[in-house]
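Report on one structure; see the data block that follows.
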Amino acid sequence: MGDPVTDCSARLQQQEREIRSLSAEIDSLKNPQNLSSSPHLDELREENTKLKYRLNVLKRTLQDERTRCTKSMTNINQQLQQIFGEAIRASCPELDAPPLAVTPNQQPKFGDYQCNSAMAMAQMLKVKGVKVSPREIAEKIIQNLPDNDLVQKTEIAGPGFINIHLKRTFVSKLLSNLLINGVQPPPLAARKKVVVDFSSPNIAKEMHVGHLRSTIIGDSMCRLFEFLGYDVLRLNHVGDWGTQFGMLIAHLQDKFPDYLSVSPPIGDLQGFYKESKKRFDEEEDFKKRAYQCVVRLQSKEPEFIKAWNLICDVSRREFQKVYDCLDIHIIERGESFYQELMTEVVKEFESRGMMQLDEGRKIVFAPGQSIPLTIVKSDGGFTYDTSDLAALRQRIFHEKADVIIYVTDSGQATHFQVVFAAAQLIGWYDPQVTRVEHAGFGVVLGEDKKKFKTRSGDTVRLMDLLDEGLKRSMDKLKDKERDKVLTPEELIRAQRSVAFGCIKYADLSHNRINDYVFSFDKMLDDRGNTAAYLLYALTRIRSIARLANIDEATLRKAAETTELVLDHEKEWKLGKCILRFPEILQKILDDLLLHTLCDFLYELATTFTEFYDSCYCVEKDRQTGEVVKVNMWRMLLCEATAAIMEKGFEILGLNPVHRM
Ligand code: ARG
């Protein structure tokens, strides 16, 4: 016997081949020309029926093998789309691309999922001059549903909605699989490479709340891709090559002439930056020298590289403090990395005749874009546009990325739109093959709905913000007298988990496209859709088994032997909710909107509460409080809920603690 997975996939391939050839045979039999010219019509018909029967048997085995072969979670919605897609195509072969819509049903009394395609199909047929009512189409779809093991029954409602009821045994089986195998990602056709360009603050400048948003959102996207099995490259495209370095270096030379041997005390890089900027604006000589410094830095003179490195190191240490708090892992690959590649990019546009001269600047117009890219300034220097073109080219050809995502504020949307258009113009990528996307986000507002600022009107330093989060979270824990229950280590762990978890979650739970109001009071509230609420919810679920003295080994054993009955309405609701996880992730993969995951986790937590309030997990003696009965299948539902919550938190970058 070989390796079971290889065996399985060999069998799968064999079966798929057979299905293909059988389908082809059936198709040829369907062809009316074959039929009328055939003398043995009845024989052919009979053969057709037999073939169809065999095909169905094979399809079923294939489905079974699939489920057996993989430990991944099944995406119920996707499976429904598959079988309804098949039925829809069979019902209306005259439509080229019949619309396929299967969605979870909001009102459980109308079934678990719903297929709404019939109405749109009737419209499409009408355009073609065929009059059929949506209800008739719905009936046809139902008749054409292939054999499957997930649909219990269907019914037609209203103008032609198809309500779908799932089989309890199917849902229960999937939950058992989840408990036995853990939360596994859906199977991946091919391992793809993703580059996520996020955080990306500017050296010598303060990292601001916009960068905080980018850091949080970008990290969570990376975590999602990583969980789904992609090869993820997390890149910090720091601004480390701009003209600001000219004045910084010129100022450094004046203030700390021995910087080559003694590290200069420029801990307050912000102050240092302000001083040099002032001189740059006021002293003509200084300005001239600053420009010369840029040129000498960009031609990589060792002395200038040394000065530049010193400055970058100070910034880097500051950024790292923020990353350590938030547990962010990212590779620094700033604009400077692309210096030589920028020269190549300019040459390539020039030689392809795509460059124009404009008052000494070299510019590129991309089709459909009203503003050009400036790829060389009149002083010969490169720009933000040039570095982004070079970075995109490097990511496509060198990193061989299949997906490239840029996470910045929406203010940069046009910049990226033009860069992407220019890259397509020159033929670097085909958007049908490579997914290149700007994932923009709105600005952070203060509670007064104005731009986020300190009381004195300064920009908020990120470390100050994180420190305040820590302070507030500790106040909250002490208010609840948790300091009397937890050990000092547990208290600190809870403090950090809540503070940083809340800051991340507040950001992620809002649609990133919108502006969002930063409010510690709201994010630390333990009611409503907040990290504080969800983190508490998880510790509570986790404590149910512990308080009933059921250890992990018992639960693991029970997962294999106990059937998860879902007879109670609230058990059924919870079971289905848990299993929506894969379809939620699939949706986020498409639109990169992480708030869907937050909304889902919140729904899961509240659905769990409904279940817990009406279904006893353990039954206790009224007098003694002793556990007299454990309803193991319900304990398992608690386990499955917790497992999904934990995985969800992991993707959001939240760090749950055992006790808080
Ligand atoms: N440093 C830029 C800023 O602070 C963000 C860079 C984003 N990434 C990129 N490839 N342009 O606005």
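Give me a comma-separated list of calculated 3J(HN,Hα) values for the range 631-642, in order, Karplus coefficients 6.51, -1.76, 1.60 applied at θ = phi - 60°, integers in Hz, x for any Gly or Pro.
Result, ordered by residue: 8, 4, 5, 6, 4, 5, 5, 4, 4, 5, 4, 4 Hz.
Any of Lys278/Lys504; Lys71/Lys573; Lys277/Lys306 with alpha carbons more than 28 Å apart? Name them for me. Can you show the working numbers first?
Working: Lys278/Lys504 36 Å; Lys71/Lys573 23 Å; Lys277/Lys306 21 Å.
The answer is Lys278/Lys504.
Highest mean first, how do 202-208, 522-528 rank when packing is the count of other Cβ atoms within 10 Å averaged over residues?
Working: 202-208: 20.1, 522-528: 15.6.
Peptide ranking by packing, descending: 202-208, 522-528.
For the chain, just say rounded, prolate or oblate: build the C-alpha gyration tensor, square-root its eigenvalues into a ≥ b ≥ c, call rounded for a/c under 1.5, and beyond that prolate if a/b exceeds b/c, oblate if not. Can you show the working numbers first?
Working: a/c = 2.50, a/b = 1.39, b/c = 1.79.
Oblate.
Here is the link list: Lys321/Lys450; Lys478/Lys647; Lys321/Lys480; Lys587/Lys620. Which ones come out longer than 32 Å on Cα distance? Walk me through the intermediate numbers first.
Working: Lys321/Lys450 27 Å; Lys478/Lys647 29 Å; Lys321/Lys480 29 Å; Lys587/Lys620 42 Å.
Long pairs (Cα-Cα over 32 Å): Lys587/Lys620.
Length gain on complete extension for the stretch Asn514 to Leu44, per 0.36 nm per residue less the alpha carbon to alpha carbon distance? Before the final figure, lay out each step's value.
On the way: separation 470, 0.36 × 470 = 169.20 nm, distance 6.20 nm.
Contour length minus Cα-Cα distance gives 163.0 nm.
As I understand it, the value is the acute angle between the Cα axis of helix 41-69 and the longest principal axis of the Cα atoms of the chain; what does it come to in degrees, rounded to 10?
50 degrees
Treating the angle as unsigned and between 0 and 90°, give the value, to the nearest 10°, between the Cα long axis of helix 269-282 and the longest Cα principal axis of the chain.
60 degrees
Taking the convex hull of the Cα atoms, report for the range 200-271 its projected area averaged over all directions, in nm².
Values: hull surface 26.4 nm².
If I average the Cα hull's projected area over directions, I get 6.6 nm².
Is the range 458-610 rounded, prolate or oblate when judged by the Cα gyration tensor, a ≥ b ≥ c being the square roots of its eigenvalues, rounded requiring a/c under 1.5 and prolate requiring a/b larger than b/c? Don't skip to the end; give the middle numbers.
Values: a/c = 2.56, a/b = 1.32, b/c = 1.94.
The shape class here is oblate.
Using a 1.4 angstrom probe, figure out how much accessible area the range 272-343 has per residue, in square angstrom, rounded to the nearest whole.
So the range 272-343 comes to 56 Å² accessible per residue, rounded to a whole number.
Could you order Val517, Val262 so the one with the most accessible surface comes first? Probe is 1.4 Å.
Numbers: Val517 45, Val262 75 Å².
Largest accessible area first, the list is Val262, Val517.
Under the classification rounded if a/c is under 1.5, otherwise prolate if a/b is larger than b/c and oblate if not, where does the range 520-660 fall, given a ≥ b ≥ c as square roots of the Cα gyration tensor eigenvalues?
On the way: a/c = 1.99, a/b = 1.50, b/c = 1.32.
Prolate shape, in that a/c is at least 1.5 and a/b is the bigger ratio.
Using Cα-Cα distances under 8 Å and only pairs 6 or more residues apart, what relative contact order does the range 318-475 have, in percent?
Values: 162 pairs, mean separation 29.4, N = 158.
Relative contact order for the range 318-475 comes out at 19 percent.
By how many degrees, between 0 and 90 and to the nearest 10, does the Cα long axis of helix 339-351 differ from the longest principal axis of the chain?
Result, in degrees: 80.
Rolling a 1.4 Å sphere over the protein heavy atoms, what is the accessible area per residue of the range 63-169, to the nearest Å²? Please list the in-between numbers first.
Values: 5640 Å² over 107 residues.
Result: 53 Å² of accessible area for each residue.
Calculated from DSSP H runs of 4 or more alone, at -39500 (n - 2.57) each and per residue, what is the 222 nm mean residue ellipticity of the chain, nearest 500? Please list the in-between numbers first.
On the way: 24 runs with 370 residues, N = 660.
Theoretical 222 nm ellipticity from helices: -18500 deg cm²/dmol.
So, with a 1.4 angstrom probe, what is the percent of accessible area on the chain that is carbon and sulfur? Before the final figure, lay out each step's value.
Numbers: 16480 of 32850 Å².
Carbon and sulfur atoms account for 50 percent of the accessible area of the chain.
For a protection proxy built on the mean count of beta-carbon atoms within 10 angstrom, sort 577-584, 354-361, 151-158 highest first, please. Spell out each step's value before the answer.
On the way: 577-584: 21.6, 354-361: 12.5, 151-158: 15.2.
My ranking of the peptides, most packed first, is 577-584, 151-158, 354-361.
The values are calculated or read from the model by the stated rules, or taken from the named source; none is laboratory data. Fair warning: this is a prediction, and the values are worked out from it, not measured in the lab. Heads up, the Cβs are rebuilt from the backbone with ideal geometry, glycines too, and the neighbour counts pull from every protein chain shown. Remember, those area values only see protein heavy atoms, side chains included, never the ligands or the DNA or RNA. Shrake-Rupley method; radii C 1.70, N 1.55, O 1.52, S 1.80 Å.
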